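The values are calculated or read from the model by the stated rules, or taken from the named source; none is laboratory data. Please read all numbers here as calculations on a predicted model, not as lab measurements. Every residue, glycine among them, receives a Cβ derived from its backbone with ideal geometry; neighbour counts consider all protein chains shown. Only protein heavy atoms, including side chains, enter the accessible area calculation; ligands, DNA and RNA are left aside. Shrake-Rupley method; radii C 1.70, N 1.55, O 1.52, S 1.80 Å.
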Amino acid sequence: MIGRDELAGVLGTLLQADRFVDYGPNGLQVEGRAEVRHLVSGVTASLALIEAAADAGADAILVHHGLFWRGQDGRVTGWMKRRLAALLARDINLYAYHLPLDAHSELGNNAQLGRVLGWQADGRFGDKDLGWIGTPGDAAPRDATGLATDIGARLQRTPTCIPGDGRPIRRVAWCTGGAQGWFEPAIAAGADLFLTGEISEPQAHLARETGVAFVACGHHATERYGAQALAAHVAALHGLHHTHIDIDNPA
């Protein structure tokens, strides 16, 4: 068991949350009961996750995508009302960590995605070192199409692959989620292939014109691992019960 506010302190300190200027508030977003015994982790604080966590007997939910974002409509109506009502009626705490969870060197989304893919990071790039760069491992296919097939098998999601100019893939860069805007910094960092969750219209042209491959695997698919690893780590340290609930999302 751990106190609600103590858990917020543990998570914030571990992730160094105070060093990030983020798109929304990191930490305890919705206050629930004072003591936490059962911690549920997930990617997004959707109604489906909240209801599944409540059915599992959660005292707290830890997610990457919380409820509140800079610039959103602040009125508590519609979907926001339903999500908040579900949390408040069951007295469940909601903790959310966005960029701090992407960045953590061991438990973060990028670190955990690299682990799942078998990639070895040896450098970082971009603001707050959120982008990772390294090698795809000795056993990995050395061309973009083959590597995309391997990625799809590991993530159980068929990726979108723009193969570039067909060069051997010796250096890979990655940044989970909606990091398609980091393609050019990845190229500047020396990548032969860049992986993220989403692709927008310009990236296909850039891949063809620069020769650097671009692989988009799904925002959700690339960010399934950080919250789970963080919650499991904290639960083990503080004797909590942890359950990970994955609400499938094709995006």
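At a glance:
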{"read-out": "Size of the range 100-187 as Cα extents on the principal axes (Å, biggest first)", "value": "32, 25, 23"}
{"read-out": "Fraction of beta bridges assigned by DSSP in the chain that are antiparallel (%, nearest 5)", "value": "45"}
{"read-out": "Inter-probe distance in nm under a simple model that places probes 7 Å from Cα toward Cβ, at Asp129 and Val76", "value": "4.0"}
{"read-out": "The range 171-225 - percent of accessible surface contributed by carbon and sulfur, probe 1.4 Å", "value": "51"}
{"read-out": "Whole-Å semi-axes of the chain's equivalent ellipsoid (Cα gyration tensor)", "value": "34, 18, 16"}
{"read-out": "For q = 0.18 Å⁻¹, Debye-computed log10 I/I(0) when each Cα of the range 141-215 counts as one equal scatterer", "value": "-0.59"}
{"read-out": "Rounded to whole Å, sorted largest first: equivalent-ellipsoid semi-axes of the range 16-126, Cα gyration tensor", "value": "27, 17, 12"}
{"read-out": "Sequence of Met80, Met1 when ordered by accessible area, the most exposed leading, probe 1.4 angstrom", "value": "Met1, Met80"}
{"read-out": "Fraction of accessible area attributable to carbon and sulfur, the range 40-115 (%, probe 1.4 Å)", "value": "52"}
{"read-out": "Förster-model FRET efficiency, 30 Å R0, Ala236 and Ala85, C-beta, rounded to 0.05", "value": "0.40"}
{"read-out": "For the range 1-97, accessible area per residue (1.4 Å probe, heavy atoms of protein chains only), Å²", "value": "47"}
{"read-out": "Quarter of the Cα convex hull surface for the range 170-249, i.e. its orientation-mean projected area (nm²)", "value": "6.6"}
{"read-out": "By accessible area with a 1.4 Å probe, ligands and nucleic acids excluded, highest first: order of Trp79, Trp132", "value": "Trp79, Trp132"}
{"read-out": "q = 0.21 Å⁻¹, the range 1-80: log10 I(q)/I(0) [Debye, one scatterer per Cα]", "value": "-1.11"}
